[in-house]
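The next block holds one structure in the form of structure tokens; read it before the comments.
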Amino acid sequence: MRRLPALLIFTLVGAFLLAPLVIVAGVSLNGQKRLVFPPREVSLGWYGELATSPAWLLPIGHSLLIAFLSALVAVSIALPVAYYVWRFHSRWARALYGLGISPFILPPVICGLGFLIFWASVGHFGRFENVVLGHGVFLVALPLTTLLLGFEGIGRESMDAAETMGASEWVAFHTVVLPLALPYLISGYAFAFVLSLNEYIIAYMIAGFTVETLPIKIFNSLRYGYTPIMAVVSVLFLLISVAILALVARVSDLTRLMGALEPERK
Amino acid sequence: MERTLRWVPLVWPTMLLGIFFAVPFAIMVAVSLFHRQPGGFFEPGFELTHYRRFITPFFLERLGVTIGIAAAAAGAALAIAVPFTYLLTRARRRTQVAWLIVILSVLSLSEVIVGFGWSVLLSRTAGISNLLVALGLLEQPRPWYPSLYGMVTGLVYVTLPYAVLLLYPRFSRFDRQLLEAAETMGASAPRRFVTVFLPVMRPALIAALIMMFVFVLGAYVIPQVLGRSQHWTLAVLITDQALFQSNIPFAAAMAIFLLAVSLVLVWLVVRLTRRRGA
């Protein structure tokens, strides 16, 4: 009896969170092009349709490649910064850490406009690599926080032990620290990947008219009316995100990771 | 020599964050003071024209709408998130991990996909109103968007997972003994929640509310998909000015304004939580 209110709240919040996902998955199964729920003439026909329509496959390809590369950029920035903050308490690294966290806290449209003006000023407008760099810089906050958390979980003793045994800084880093922090590195990469995949406004402002990512493609098509392929690609992206996040939960301690994603540290 | 070499790994992050983050922001500040060339871009100059437009009814109305909508969505999301997160942190670990995966998935979901999902849910042909007709509560199905309520619902949807993640670390570190003490003194569960838990958490709740407010300020797609044009927020206006009215200096001035407001709010959060930690 005591558990009843808890059950009620969990059910209501669950229903609220799942409702738009369930209905999108539902309408993706409609046989006809009409928007009805529950689906009629249930079939996977529109999934097959997706496989043969370059107009949708191209943006999906763009999104995946941008996510793959920009997450790499984000991790490559975050790894040295987080390491130097932890290992040397370097003031410079701490300044970079603050700089890296900030774009993620601010409304993304600010970054988007900054990037737009920057690339327009240097005369290199609307290119693919601009989006990669833009997302890379915007998403640095994620690997930064996960990596610092990972480093802090490593006892300083193991680092000291490596040093007394004569290991150089570099050897100690890649034989002791990196393997221990690897789950956090993977989590940081994964978070950045998933967020890049789903990001709209920054990608749109940097190169929305030349490099179409999937969110841009869906939004553009929304203006011309409904097609079930929108639902199909949404389901697909949702599945990719869930799979990656479930993977993160497997390789690292999600409850601990989430404990760290607060904006300030005690 | 060796001391200098030691800092080589920081060159790459410094370069990237400097060139692709700090420099764009500096340019944006400069451009907000530049002269607009109608029909084209902008030319160097120094004028406060674009900032002066902040006191026009056009801008003030957008600002008022933005603040009102962000406050409503953040408040509603907090009201749902507080009891939910409270119960979540008291659930079994496996339950917590499962919920966290759901929460993270929804949080990372593209605003475009969320907007699309809600537009289907609120539509006449496939939406919830059909369910109400089937239950006999409504005469015939009707579209529920574009509308203010539809838009705020969509914004609450994207803000809720963020709220849960903001509250989760604080709530899970809450000292259970306080509640147990209240229990032995005979306080019921809802009473313990209201008279013991909420007062202790007040600074964390205010901090979370402010962060959520800043978060909703960034919403761009949902106001356009689910709302009417009179409900469009500052973020929409900035993009519209930059891309479609080609008034980049004015867009930059508004972005700087939004930046300043966000920074002040985040600074407030830092102060609020630091005092508690001390």
If A:Glu129, A:Glu212 are ordered by their accessible area, calculated over protein heavy atoms with a 1.4 Å probe, which sequence runs from highest to lowest?
-> A:Glu129, A:Glu212
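With +1 on the Cβ of every Lys and Arg and -1 on the Cβ of every Asp and Glu, and nothing else charged, how large is the dipole of region A:125-266 about its Cα centre, in debye rounded to the nearest 20?
On the way: 8 positive and 11 negative charges, 118 e Å.
Charge dipole, region A:125-266, about its Cα centre: 560 debye, nearest 20.
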Read phi for every residue in region B:146-161 and hand back ³J(HN,Hα) as whole Hz from Karplus 6.51 cos²θ - 1.76 cosθ + 1.60, θ = phi - 60°, with x for Gly and Pro.
-> x, 7, 4, 5, x, 5, 5, 4, x, 5, 4, 4, 6, 7, 3, x
With R₀ set to 35 angstrom, the calculated FRET efficiency between the beta-carbons of A:Leu182 and B:Ala71, to the nearest 0.05, is 0.25
Potential extension, B:Gln140-B:Leu268 segment - 0.36 nm per residue separation minus Cα distance = 41.2 nm
With the charge dipole of chain B built from beta-carbon charges (+1 for Lys and Arg, -1 for Asp and Glu) about the Cα centre, the Cα from B:Ile101, B:Met254, B:Val152 projecting farthest to the positive end belongs to B:Ile101
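Given a 1.4 Å probe and no ligands, DNA or RNA in the count, how much accessible surface is buried by A and B, both sides, to the nearest 100 Å²?
Values: alone 14940 and 16700 Å², together 24020 Å².
It comes to approximately 7600 Å² buried between A and B.
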In degrees from 0 to 90, rounded to the nearest 10, what is the angle of the helix A:4-27 Cα long axis to the longest principal axis of chain A?
-> 60 degrees
Compute the acute angle (0 to 90°) between the alpha-carbon long axis of helix A:54-88 and the principal axis of greatest extent of the alpha-carbon atoms of chain A; round to the nearest 10°.
-> 20 degrees
Heavy-atom surface of region A:1-43, accessible at 1.4 Å and reported per residue (Å²) | 64 Å²
Give the residue from A:Leu106, A:Thr146, B:Ser188 lying farthest towards the positive end of the charge dipole for the protein assembly as shown; charges sit on Cβ (+1 for Lys and Arg, -1 for Asp and Glu) and the dipole is referred to the Cα centre.
-> B:Ser188
Normalise the Cα radius of gyration of region A:1-43 by 2.2 N^0.38 Å (N = residues in it) and let me know the number.
-> 1.65
So for B:Trp267, A:Trp86, A:Trp46, what's the accessible-area order with a 1.4 Å probe, most first?
-> B:Trp267, A:Trp46, A:Trp86
Quick one: grab the alpha carbon gyration tensor of the protein assembly as shown, order the square roots of its eigenvalues as a ≥ b ≥ c, and give me rounded if a/c is under 1.5, else prolate or oblate depending on whether a/b is larger than b/c.
-> rounded
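With the contact rule set at Cα under 8 Å and sequence spacing of 6 or more, what percent relative contact order holds for chain B?
Working: 288 pairs, mean separation 75.8, N = 278.
The value is 27 percent.
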Which far-off residues, 5 or more places away or on another chain, put their amide H under 5 Å from the one on B:His35, with H placed in the peptide plane?
-> B:Glu43, B:Gly45
With labels modelled as points extended 7 Å from the Cα through the Cβ direction, what inter-label distance (nm, one decimal) is found for B:Ala26 paired with B:Arg191?
-> 6.3 nm
Note on chain B: alpha-carbon gyration tensor, axes a ≥ b ≥ c; rule is a/c under 1.5 for rounded, else prolate if a/b larger than b/c, else oblate; result oblate
If you roll a 1.4 Å probe over chain A with all protein chains in place, what percent of the accessible area is carbon or sulfur?
-> 69 percent
Mean separation of Cα contacts under 8 Å, 6 or more apart, over the residue count of region A:53-260: relative contact order % = 32 percent
Integer Hz, Karplus 6.51/-1.76/1.60 couplings in order for region A:113-122, x for Gly and Pro | 5, x, 5, 4, 5, 4, 5, 5, 5, 8
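Just need the relative contact order of region B:12-119 here, percent rounded to a whole number, with Cα pairs under 8 Å and 6+ apart.
On the way: 30 pairs, mean separation 10.7, N = 108.
It rounds to 10 percent for region B:12-119.
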Distance in nm between A:Val36 and B:Glu180 label points, each 7 Å along Cα→Cβ, equals 5.9 nm
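The values are calculated or read from the model by the stated rules, or taken from the named source; none is laboratory data. Remember, predicted model here, so these are calculated numbers, not experimental data. Cβ coordinates were reconstructed from backbone atoms using ideal geometry, including for glycine residues, and neighbour counts include every protein chain displayed. Ligands, DNA and RNA are excluded from the accessible area calculation, which covers all protein heavy atoms including side chains. Shrake-Rupley method; radii C 1.70, N 1.55, O 1.52, S 1.80 Å.
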